[in-house]
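Right, one structure below, let's go through it.
The values are calculated or read from the model by the stated rules, or taken from the named source; none is laboratory data. Given the structure is predicted, the values throughout are model-derived calculations rather than measurements. Backbone-built Cβ (ideal geometry, glycine too); neighbour counts: all protein chains shown. Remember, those area values only see protein heavy atoms, side chains included, never the ligands or the DNA or RNA. Shrake-Rupley method; radii C 1.70, N 1.55, O 1.52, S 1.80 Å.
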Amino acid sequence: MNESWLFPLHEYQQRVATIRAHMQERDISLLLIDQTEFLFYLTGFGISENMYRACLLPLTGDPVMVFRAMDERAFSENSWITDTVTFHDWQDPLAVLADTVRARGWESATLGIDFDSYCMTINRFQRLQAMLPQIQVKDFSGVLKQLRTRKIPQEIECIKQSAAANDQAIREVVAEMGVGKTERQAAEIIHRVLIRHGMDSNRCGIVTTGGGNSFLHANMQERPLEQGDILHLEVVSFKRGYSSKIMRSVIIGTASAAQQEIAQQLIAIQDKQLAAMKPGAVAKDIDALARNAVLKAGLRQDYASITGYTLGYYPKTTPRTSDFSHVFLPTSEWLLEAGMVFHMYLYAAGLAISETVLVTENGCERLTKIPRQLFTTA
């Protein structure tokens, strides 16, 4: 095993075998994989889409990776795949891909493509069909999304390390913030902690002032914090691409009795939700435990958002800011399985509480460990 690989070779080989079983079920002889998360799942390399790249997985024989020549060393360090085709930056990646298909004798294959892939634009799809007119295309949507939801021990360990770094970031922000400090200074503290704890250096999450019920995606401000302000922290860290998240609210100074009461209500509601998360549970039932309780308690007049979503490997280069492969909504019919990891969150009146949780064979394990409470700087 190459020391740069996150998983041993047999894990990748098992993934290939599992994917091929799904290909056989759908009568697909060649699979094209181009979405970044799925490329990482199969190849071990989450390469960016500055220029189109893809992996070709035949039903028999070795997979072939087509990518930029300038990424050859990085790919060889991180991937188990040895059959590669590279192109210069002035070449047309799609033409190189089509040439590769013809050179391998796959021009009459039944080609599986994930129709939900954000990398396969309509223009690319039409061009590929024109270049390979004998190819029959079949939809492979949803398969890889489902396969990667259950995490193996190495993946869970990365998420645990990420969660521990998040916990420490919250502790240090609470210790250092106060009147006159800014949200940007809080973000600086978080970045410092995450880098010190060996996290990937991409982003630290959302730091803003809490208020009302629509603050989660607000902007970071330069205004000095005042007594009574709510500092909202959503800390997001990545270990080898695997993320965890945590939300905590920090009152600058002391919290009011009303704020303490709301925080305790949110925590108690989510405690019941987390206690019910176990294999076989229906996602909409888990959602209802939080959503209905928040509305019944009068903490919100409406609740338009989800109450949780998938966590795991999440690349820097993607049009999405969160992984919504599986979400908790009143309409979510899917079942929880052991090995799934989620970010579960509740928010109301400018306050928020969230955890990174792992579904185990026996129930739910909280990976973020910092106390579940409303923090203050007083």
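For segment 105-119, 3J(HN,Hα) computed residue by residue from phi via the Karplus equation (6.51, -1.76, 1.60; θ = phi - 60°) reads x, 9, 5, 10, 6, 8, 9, x, 9, 6, 5, 8, 5, 6, 8 Hz, glycine and proline entered as x.
Filter the trypsin sites (Lys or Arg not before Pro) in segment 88-193 to those in DSSP coil with at most 15 other Cβ atoms within 10 Å of their Cβ, and list the result. For trypsin sites (Lys or Arg not before Pro) across segment 88-193 that sit outside H, G, I, E and B with at most 15 neighbouring Cβ atoms in 10 Å, the list reads R150. Applying a length cut-off of 30 Å (Cα extent along the axis) and a mean Kyte-Doolittle floor of -0.5 to the DSSP H helices of the chain leaves 153-176. Size of segment 234-310 from its Cα atoms: along the principal axes, largest to smallest, the extents are 38, 32, 22 Å. Rounded to whole Å, give me the distance from the Cα center of segment 49-99 to that of segment 305-378. Going from one Cα centre to the other spans 34 Å. Springs between Cα atoms under 10 Å define the GNM used for the chain, and in it the highest mean-square fluctuation of M131, M340, M199 occurs at M131. Build a GNM of the chain with springs between Cα atoms under 10 Å apart, and of Q273, Q14, Q259 the one that fluctuates most is Q14. At q = 0.12, 0.14 Å⁻¹ the log10 of I(q)/I(0) for segment 100-249 amounts to -0.69, -0.79, computed by Debye summation with a single uniform scatterer per C-alpha, solvent ignored.
Each principal axis of the chain carries a Cα extent, and these read 72, 40, 39 Å when sorted largest first. Classify segment 192-349 from the C-alpha gyration tensor, please: rounded if a/c falls under 1.5, else prolate or oblate depending on whether a/b exceeds b/c. The shape class here is oblate. Applying the Karplus relation 6.51 cos²θ - 1.76 cosθ + 1.60 with θ = phi - 60° to segment 59-75 yields 3J(HN,Hα) values of 5, 9, x, 6, x, 10, 9, 10, 7, 5, 5, 5, 9, 4, 5, 4, 5 Hz, where x marks Gly and Pro.
For segment 32-130, what does the alpha-carbon gyration tensor say about shape, rounded, prolate or oblate, given a ≥ b ≥ c as the root eigenvalues, a/c under 1.5 as rounded, and a/b over b/c as prolate? Taking the square roots of the gyration eigenvalues as a ≥ b ≥ c, segment 32-130 is rounded. Here's how it looks for I246: its modeled amide H is under 5 Å from those of V235, which are all 5 or more places away or on a different chain.
With a 10 Å cut-off between alpha carbons and a GNM built on the chain, which of S201, S79, S243 moves the most? Result for the chain, Cα springs under 10 Å: S201 fluctuates most. Database remark: amide H of I251 closer than 5 angstrom to the amide H of L231, F375, T376, T377 (H placed geometrically; neighbours at sequence offset of 5 or more, or on other chains; Pro and chain starts carry no H).
Surface composition of segment 1-87: carbon and sulfur atoms hold 44% of the protein heavy-atom accessible area at a 1.4 Å probe.
Among residues other than A186 with Cβ under 15 Å from its Cβ, the summed charge is -1 (Lys and Arg +1, Asp and Glu -1). Think of segment 238-304 as having a plus end and a minus end, set by charges on the Cβ of Lys, Arg, Asp and Glu; of Q260, Q273, S243, S243 sits farthest toward the positive end of this dipole. Would you please classify the overall shape of segment 277-345 from the alpha carbon gyration tensor, given that a ≥ b ≥ c denote the square roots of the eigenvalues, rounded means a/c under 1.5, and beyond that prolate means a/b larger than b/c while oblate covers the rest? Judged from the Cα gyration tensor, segment 277-345 comes out oblate (a/c at least 1.5, b/c at or above a/b). Starting from one equal scatterer on each C-alpha and no solvent at all, send me the Debye-based log10 I(q)/I(0) for segment 73-133 at q = 0.17 Å⁻¹, two decimals. At q = 0.17 Å⁻¹ the computed log10 ratios are -0.74. Think of a 1.4 Å ball rolled over the protein heavy atoms: segment 30-88 then has 33 Å² of accessible area per residue.
Starting from the Kirkwood radius over alpha-carbon pairs of segment 144-217, derive D by Stokes-Einstein at 20 °C in a medium of 1.002 mPa s and give it in µm² s⁻¹. The estimated diffusion coefficient comes to 150 µm²/s. Among the chymotrypsin sites (Phe, Trp or Tyr not before Pro) found in segment 115-194, those both in a DSSP coil and sparsely packed, with 14 or fewer other Cβ atoms within 10 Å of their Cβ, are F115, Y118.
Qualifying trypsin sites (Lys or Arg not before Pro) in segment 323-378, where qualification requires a DSSP coil assignment and no more than 14 other C-beta atoms within 10 Å, comprise K369. Surface composition of segment 292-356: carbon and sulfur make up 55 percent of the accessible area, probe 1.4 Å.
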